[in-house]
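One structure below.
The values are calculated or read from the model by the stated rules, or taken from the named source; none is laboratory data. Because the structure is a prediction, the values reported are computed rather than measured. With ideal geometry, Cβ positions are generated from the backbone for all residues, glycine too; neighbour counts draw on all protein chains shown. Just the protein is used for accessible areas: all its heavy atoms, side chains included, with ligands, DNA and RNA removed. Shrake-Rupley method; radii C 1.70, N 1.55, O 1.52, S 1.80 Å.
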Amino acid sequence: MTMDLNQKKNDVPVLKFQRVAKRFPNAQINAVNDVSFSVNRGDFITILGRSGSGKTTLLKMVNRIHEMTAGDIFFEGENIKNLNLQDYRRRVGYVIQQIGLFPHMTVAENIATVPSVLKWEKTRIDTRVDVLLTLVGLDPAEYRNRYPGKLSGGQQQRVGLARAMAAEPDLMLMDEPFGALDAITRQTLQDELVKIQQKLNTTILFVTHDIQEAFKLGDRVIIMDEGEIQQYATPINILFEPANDFVSQLVSAEDAVQKLKVLRAGAIASDLGFQTKSGDLRIDKDVYLDKVLARFFETRAEYFVVTGKDGQPIGQISWEQFKNFAQFRKDGVDSKKEAV
Amino acid sequence: MAAFFSKFFPYFTKHWDDMGELLLDHLQIAFTVLGISLIVSAGLSILIYRSEFLSTAVLGLFGAIYSIPSLALFSVLVPLLGLGKPSAVFALVLYLQYILIRNILAGFHAISPAVLEAGAGMGLSPAQLFLRIRLPLALPIIIGGMRIAIVAAIGMTVIAATINAGGLGMLLFEGLRTHYPVKIVWGTLLCAGITWIANSLMYEIEKYCLKKANGELPAKEVIKSIYGKKVA
Amino acid sequence: MRADIAEYFLENQDRYFEAILTHLKITGIAVVLGLLVGIPLAVLSVKKEKLSQPLLHTFSLLKMVPALAALMLAIPLIGTGLLPAVIVLTLLTVPVILINTCLGFQEIDSAIVESAHAMGFGKAYVLFKIEFPLALPLILTGLRTATVEVIAGATLAAYIGSGGLGLFIMTGIGLLRWDILLLGGGTVAALSIIADAALALVSRRAVQYR
């Protein structure tokens, strides 16, 4: 019986939008218009768009902060309109830009909010709080009993993240969670989020207006404009095959140099094909191509060995290859390699 | 002066039970009024909380009532409810609405929307959201309002003596009528005394609630903005 | 009832209008004196840090004494009539005006004052041309609250023989004549609502000017 359930869980998309639309009262046009897409288990989907594009409205319809005016949304196969609202929301983690930690509760109490509402036993909650704090990079002993007012923005958002994950949600909704933080903290948290997501195989829907963030974090990206999905594809596909002029302009698909800022070494590395020597120059797969170009100039190397986890060689990039970058077609580039 | 002081303390020893009775009477009126006022203001606040129009209208109405001197307010009610406690209690309940409703609304409106959105989004039911989040955060300002209200109630109960409602004001009027300043002084002292105690007690409670709401705006700053001075 | 009130009014118009006048006189004098005392004291306490705490404390304590009691206590010391009423009611207004003026000054962004001094403006100039206008909204709030409180106090002052509309209320209660009672009470109510609303309007206008 359990096997069947697990099987079912993996077959059914975690989230499915079917012709969903939203029009606010007294509005002339739909904020979100006829949107359909699915999200599978373990996907990290970023939703990219300008302000007013409908991206936040889209997200907020998932946990029914906004109610859709047309269409259906299915969560693990069930129509969310038929689910008990609070039970449903407790299965979906929610992280917002302004963070919204409860100022009158300690960090531990904040994180424990949903578990305590679900009536978990105290020991289970305490353990969970410690696990989560460690996961988001905060020492439990030091942070458990602190109040949000005494935390920095970055620390607060880490707690916000932990709080959203407390009850082991099937889906995480994140609305520009790092938007209010300084650039350095943002980078750090982005990297940590990716690690967490890979470790737990969490399904995430992440809204942002920052192209680099969207492409860095997302397995696939939904590009929204004027309430409609302009393109829903992997970053590579978007770059090399933009669906329309809007997308093309947005990601500067015509601009070769711009592409360098969005792709990483691992995406274009070709097969190793030879035995690495000690003198070989190496470059990590997560280095962005503009930095790779800079390294080429600095070192005048003919090629770099691309390394993956633990410094293991996984591929190579040659100068020749790089020079012809503009002619790369998308089949010469594979984003899955990055996950190695 | 000497004549005064020679009679001052003996008066207490001779009449402390009478004074005590009036004191208790006074407190009883004040607390009854406060209790009824809280229930009424809570009910009204629930009704008008969501509507800006209603909030402004209701606060405007009670604000006008608040500006009326208590003696005048009593005198308007006496033809309806007669002399004595009923008129006083009714008038005071009306009077306190402005302070209490204003502070209740302010307290709840002061909560950061992000906090409420996060709470709702994570699946807290409206009741849980209210008890665990809204109430503790709004409490300092509400208690602040209660503090002002009880001080006002004690003060105005003194005046209620003019319509035979009882309380320490009776002592004052006896002293005035019989040209016996000692009574007036005792009345004043007792009244100022219970005002001070009530104010201090409520202030401690208010401070405690504020600390609990940790990291929230100090109550003073929020109330300043309701007075109409928008800090740029 | 309405007929009774109208009748009583027509018979006693002189006394009625005299009462209103007395009431307004007491209010006016007390408020003006309160401003003359309260505002300088407030400025003093804001400028001299050491004075501010004791001053504010003293006046907060003064607020605890009920107006009625204060009025009565003035009799053995000053006598009955207008004088004790005016003195006591002035004392009543000072705390309100003081606290609000202090608040008004404290609210001013210190950067503004600093830059004014840096530009070479003298203390007096800064005080009158910059600080006062900026503190005005709160000062006006204090004025409004004080005025309403004094109208209330002046009503009570009838009990110590100063006249005013409280006299009608007193008489009405004493004679169990609700028509007289309502005439007095209604007029006071109207007076205070009008004063409160008028000052609120003035306050708003002053703020708009910024």
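Close amide H partners of A:ALA70, meaning residues 5 or more places away or on another chain with modelled amide H under 5 Å apart, are A:ALA21.
Work out which residues of region B:102-119 lose at minimum 10 square angstrom of accessible surface when the other protein chains are put back, relative to the chain isolated, with a 1.4 angstrom probe, and list them by number. When all protein chains are present, B:ALA114, B:VAL115, B:GLU117, B:ALA118 each give up 10 Å² or more of accessible surface. If R0 is taken as 56 Å, the Cβ-Cβ distance between B:ALA127 and A:ASP11 corresponds to a FRET efficiency of 0.90.
In region B:173-191, the residues whose accessible area drops by at least 40 square angstrom when the other protein chains are added to the isolated chain are B:PHE173, B:LEU176, B:ILE184, B:THR188; the probe is 1.4 Å and only protein heavy atoms count. Surface analysis of region B:29-108 yields an accessible area of 40 Å² per residue, using protein heavy atoms and a 1.4 Å probe.
Taking chymotrypsin sites (Phe, Trp or Tyr not before Pro) as exposed when DSSP calls them loop and at most 16 other C-beta atoms lie within 10 angstrom, chain C has its longest site-free stretch at C:1-120. Summing Cβ point charges (Lys, Arg +1; Asp, Glu -1) relative to the Cα centre of the protein assembly as shown gives a dipole of roughly 900 debye.
Rg and Dmax of region B:20-226, based on Cα coordinates, read 19.3, 69 Å.
Remark on region C:51-71: accessible area falls by at least 40 square angstrom from chain-alone to full-complex state for C:MET64, C:PRO66, C:LEU68, probe 1.4 angstrom. Under 37 °C and 0.692 mPa s, how fast does region C:2-208 diffuse according to Stokes-Einstein, given a Kirkwood radius computed over C-alpha pairs? Answer in µm²/s, whole number. Rounded, D is 176 µm²/s.
Which FRET efficiency value, to the nearest 0.05, do you get for B:LEU201 and C:SER110 by plugging their Cβ-Cβ distance into 1/(1 + (r/R0)^6) with R0 = 35 Å?
Details: r = 35 Å, r/R0 = 1.01.
Efficiency, from the Cβ-Cβ distance: 0.50.
Calculated accessible area for region C:2-208 comes out at 48 Å² per residue, all protein chains present (probe 1.4 Å; ligands, DNA, RNA ignored).
Can you tell me the relative contact order of region C:14-104? Whole percent, Cα pairs under 8 Å, sequence separation 6 or more. Mind showing how you got there, number by number?
Numbers: 66 pairs, mean separation 42.8, N = 91.
Relative CO of region C:14-104 lands at 47 percent.
Between helix C:49-62 and chain C there is an angle of about 10 degrees, using the helix long axis and the longest principal axis of the Cα atoms. Surface composition of chain A: carbon plus sulfur atoms contribute 47% of the solvent-accessible area (1.4 Å probe, protein chains only, all chains present).
Think of the protein assembly as shown as having a plus end and a minus end, set by charges on the Cβ of Lys, Arg, Asp and Glu; of A:GLY160, A:HIS209, A:PHE240, A:GLY160 sits farthest toward the positive end of this dipole. Where the centroid of each part is defined by its Cα atoms, how far is region A:85-125 from region C:30-98 in Å? Result: 53 Å between the Cα centres. Averaged per residue, chain A has 48 square angstrom of accessible surface, using a 1.4 angstrom probe with ligands and nucleic acids left out.
Report the FRET efficiency, 1/(1 + (r/R0)^6), for A:GLN312 and A:ASP210, where r is their Cβ-Cβ distance and R0 is 30 Å, rounded to 0.05.
On the way: r = 31 Å, r/R0 = 1.03.
FRET efficiency, A:GLN312 to A:ASP210: 0.45.
Inter-part distance, region B:131-174 to region C:124-166, computed on C-alpha centroids, equals 23 Å. Accessible surface buried at the C:B interface totals approximately 3000 Å², computed with a 1.4 Å probe on protein heavy atoms. In plain terms, the C-alpha convex hull of chain A casts an average shadow of 20.6 nm² when viewed from every direction. Charged neighbours of B:LEU24, selected by a Cβ distance under 12 Å, balance to -4 (K, R count +1; D, E count -1).
Let me check against my output: what whole-number percent is the relative contact order of region A:147-273, with C-alpha pairs under 8 Å and at least 6 apart?
On the way: 102 pairs, mean separation 19.5, N = 127.
RCO, region A:147-273: 15 percent.
How many Å³ per residue does the convex hull of the Cα positions in region A:117-262 occupy? Please report the intermediate quantities before stating the final value.
Working: hull volume 19.8 nm³, N = 146.
Cα convex hull per residue, to the nearest whole number: 136 Å³.
For chain A, what does the relative contact order come out to in percent, with C-alpha contacts under 8 Å and a separation of six or more? Reported relative contact order: 18 percent. Relative to the first principal axis of the alpha-carbon coordinates of chain B, what is the inclination of helix B:85-109, with its axis defined by its Cα atoms, in degrees from 0 to 90 and to the nearest 10? Rounded to the nearest ten degrees, it is 30.
What fraction of the Cα pairs in the protein assembly as shown, stated in percent, has a spacing above 53 angstrom? The share of Cα pairs beyond 53 Å in the protein assembly as shown comes to 35 percent. Values of log10 I(q)/I(0) for region A:242-287 across q = 0.21, 0.25 Å⁻¹ run -0.80, -0.95, by the Debye formula with one identical scatterer at each alpha carbon and no solvent. I want to check the label-to-label distance for C:ILE78 and B:ALA42. Put each point 7 Å from Cα in the C-beta direction and report it in nm to one decimal. So the two model labels end up 4.4 nm from each other. DSSP assigns beta bridges within the protein assembly as shown; of those with both partners inside it, close to 55 percent run antiparallel.
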